[in-house]
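Working notes, beginning with the structure itself.
The values are calculated or read from the model by the stated rules, or taken from the named source; none is laboratory data. This is a predicted model, so every value here is computed, not measured. Cβ atoms come from the backbone with ideal geometry, glycine included; neighbour counts cover every protein chain shown. Heads up: the accessible areas ignore ligands, DNA and RNA and are worked out on the full protein's heavy atoms, side chains in. Shrake-Rupley method; radii C 1.70, N 1.55, O 1.52, S 1.80 Å.
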Amino acid sequence: QVQLVESGGGLVQPGGSLRLSCAASGSIFSFNATGWYRQAPGKQRELVALIDRGGSTNYPDSVQGRFTISRDNAKNTVYLQMNSLKPEDTAVYYCRVFATPYTYWGQGTQVTVSS
């Protein structure tokens, strides 16, 4: 069983930045991949960033160039740096790890982009 705790969400103005953190109870280096997802009201949950064991990253076009996923293996923590935030980035952000054959989710952290 892997426990994930997200933090760093909050209210930010358009154009601002936030950094989300996801602290894992196990060694993140042992996971196949770790990702950040988001879910806005009335919408499906979507992937916003993924980093695999080798360090390769993947982003959808909607956040490419604005969001950066990274990890600190020593702290068992994965980060999501979000810059140039837009109102449409407002959502609950979730951390997810892939530890084949299992997958685990965090409880989510709210990000609200509004003036």
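For the reader, a short list of remarks on this structure follows.
- Within segment 1-36, restricting attention to residues that are free of Cβ contacts under 8 Å to residues at least 60 places away in the same chain and surrounded by 14 or more Cβ atoms within 10 Å (Cβ to Cβ), the residue that is farthest from Met82 (Cα to Cα) is Ala23.
- Once segment 96-112 is narrowed to residues that are polar (S, T, N, Q) and touching a Gly at 6+ places or on another chain (Cβ under 9 Å), the residue that is most open to solvent (accessible area, probe 1.4 Å) is Gln110.
- Qualifying residue in segment 88-95 (condition: aromatic (Phe, Trp, Tyr) and open to solvent by 20 Å² or more (accessible area, probe 1.4 Å)): yes
- For first residues located in segment 57-71 and farther than 22 Å from Pro14 by Cβ, partners that are open to solvent by 50 Å² or more (accessible area, probe 1.4 Å) and basic (Lys, Arg) and lie 6+ apart or on another chain with Cβ distances below 8 Å do not occur.
- Pro41 fulfils the conditions (1) part of a loop (DSSP other than H, G, I, E, B); (2) open to solvent by less than 80 Å² (accessible area, probe 1.4 Å) except for a single criterion, (2).
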